[in-house]
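A.B. asks: One structure, pasted below without further comment.
The values are calculated or read from the model by the stated rules, or taken from the named source; none is laboratory data. Bear in mind the structure is a predicted one, so any value in this text is a computation, not a measurement. Note: ideal-geometry Cβ built from the backbone for every residue, glycine included; neighbour counts use all protein chains shown.
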Amino acid sequence: MSLRIKILLNSLISLLLAVGVIAFIIVSMTKIQSSSETEVQTLLNVQKTKASFESVEQAMTNYSMTLSDEQLEVVQTDISTAKKQLQTLNKNAGNMNKEALTRLNSKFDTWTQEANNAIGEKNASDARRVAARIDGVLNDVHTMNKRAQEAYEYHLEEAADNVQRIITSASVAALTLIVIAVFLNIGLTRSIVTPIKSLSYRAKQIAEGNLAVERMNIKRKDEIGGLNESFNQMTDQLISLIQEISHVSSQVESFSIQLDDENKKLMESANQVSVSTDEMANGSQAISEDLQHGVSLIEKMDSHGRKNSERSHTVIRSTEDAIEAVESGKHTLTETKAAIEKNTRATRQIEESAGEFTQYASGISAMAKTVSDIADQTNLLSLNAAIEAARAGEAGKGFAVVADEIRKLADESSRATRQIFDMVSHIEKGIQSISQTVQEGVKLSLQQQDAMDKTSHSFEDIETKAQHIKQEMAVLNDQIIQSTELGGQVLHSIENISAVVEETAAGSEEISASANEQLQSFHQMNKQVEELMSMTARLNETVHRFKLS
């Protein structure tokens, strides 16, 4: 039988005994709890029945005082509740006296019938009498409640005695279980500890270097026997291992010396590689910085090219606007020139009309002179007539009046002719002024026509030069766009070169770092080789400490 099975059987026996004790306690306590729940439920049902009957009594008393429908509903509800509670008491009576319970049901049925009769007649005195008669039912309930309490108290005392018996029995069983477990464990412990102590002594001897320790002959088929056999095998293998370690240690010592020489050579090569890669990384870094500066300059040139392209577009649009303005100005000049020509013709017509008007004014002046001469002659005639009328005396008075009127008309005609002369003089002066102004206007019109012709030629020159500027700016814009595209291609190429240079620099740095790491590894390896040689020496010393025979 294996050691594991022995331990499991020992534990299983103790466990079964413990489970038996616990099961006994649980069953006993369950019985006590079950009986207690029955007694408690019976007592509660009796108290609830008592409370429902008291509620019915109170409701019936209130109804006898008011005889109201609301109180009638309360009475009927309380009676229904009391019936239900009494039915619950009948179902869960337990150990209650069946005869007393039957008598209680009979009394309540009789009282219920009388209560229904009193309610149906709505007689206050009958209702009060019926309410008072429920006290007999309450007395039976009170008696049942008292008996239920006595039964419950008796059951509590009995349960306490049972619990005490259970505690005593459980204590005795637990003590017996402990004694049995102790004896079983002592026997099992002795069978395990004695051979383990022997093995521990042998292990201590081997730990001190004595591999020639005496072997134990334990003939057991459990784990202790297997452990003893394994221990003996371990001792044999340890002897073989020590011998093999001694042989390998000498070989490792020779290999460590060779490895130390090779490691020194590798350290020198690693130093040279590290120096070369550092120089290459520094050169790549300088090239990368120059390329980055070139990229920055090309980006600025590209930005300026885009701005110049935008400005050239703006100049082309402005030139097109100027050409349109020149076209509009030429059209306006043509219209203005036509208007000036019309004005010149009109001015010449005014000049011709002014000449004709001057001739008319001269004719009016001649006619006015004729009228003036006639007025002077008439005035002379009127004077002669006045003289002749004065000579005629009374007979010539009428003629004198006529002569005076004629003289007045002659004077007025003289004044009118003088006014006409004045007006004609003014008209002639105005016509002369108009004629001079018209002549000056004709000269100005001719000068304006010359200026308009020159302006028209200037607009044509401006239009020609603006068209030339537009064409040149278009060519310049195309060249700027091509320069920008070429700059972008150059920038892309430089960025590729910069990326390659950066990758080369990074690779150089990685190579340098790897070389440094290898150099450190070689230094570390050199230290480890030295440690290995030291460990080999210590291992040889340790191996020589073991006693193999």
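A.B. asks: Among the residues of the stretch 247-270, count how many are at pLDDT 70 or above and small (Gly, Ala, Ser).
C.D. replies: Going through the stretch 247-270 one residue at a time, the tally reaches 2.
A.B. asks: Being modelled with pLDDT under 75 and under 30 Å from THR336 (Cβ atoms) narrows it down to one residue among SER433, SER382, SER483, SER458; which is it?
C.D. replies: Values: SER433 fails: modelled with pLDDT under 75; SER382 fails: under 30 Å from THR336 (Cβ atoms); SER483 fails: under 30 Å from THR336 (Cβ atoms).
Among SER433, SER382, SER483, SER458, only SER458 is modelled with pLDDT under 75 and under 30 Å from THR336 (Cβ atoms).
A.B. asks: Okay, moving on. In the stretch 161-197, which residues are of a type outside the set (A, V, I, L, M, F, W, C), under 30 Å from GLN243 (Cα atoms) and modelled with pLDDT of 75 or more?
C.D. replies: From the stretch 161-197, those of a type outside the set (A, V, I, L, M, F, W, C) are 161-162, 164-165, 168-169, 171, 176, 185, 187, 189-191, 194-195, 197; that's our starting set.
Okay, now just the ones that are also under 30 Å from GLN243 (Cα atoms), so 195, 197.
The answer is LYS197, and nothing else.
A.B. asks: State the number of residues belonging to the stretch 71-112 that are at pLDDT below 80, among the charged types (D, E, K, R) and either outside the structural domain of THR42 (by TED's automatic domain parsing) or over 12 Å from MET144 (Cβ atoms) (or both).
C.D. replies: Step one: filter the stretch 71-112 for residues at pLDDT below 80, giving 89-101, 104.
Checking the rest, the ones that are also among the charged types (D, E, K, R) come to 91, 98-99.
Cutting the leftovers down to either outside the structural domain of THR42 (by TED's automatic domain parsing) or over 12 Å from MET144 (Cβ atoms) (or both) gives us 91.
Total satisfying the criteria: 1.
A.B. asks: Of the residues ALA368, ALA410, only one is hydrophobic (A, V, I, L, M, F, W, C), modelled with pLDDT of 70 or more and on the phi < 0 side of the Ramachandran plot; which? Working first, answer last.
C.D. replies: Numbers: ALA368 fails: modelled with pLDDT of 70 or more.
Every option except ALA410 fails the conditions.
A.B. asks: For the condition modelled with pLDDT of 70 or more, assigned to a helix (DSSP H, G or I) and closer than 30 Å to LEU241 by Cβ, what is the one hit in GLU510, GLU530? It would help to see each step written out before you state the result.
C.D. replies: Working: GLU510 fails: closer than 30 Å to LEU241 by Cβ.
Answer to the check: GLU530.
A.B. asks: Would you call LEU67 at pLDDT below 85 and under 22 Å from VAL46 (Cα atoms)?
C.D. replies: Details: at pLDDT below 85: yes; under 22 Å from VAL46 (Cα atoms): no.
No: the conditions fail for LEU67.
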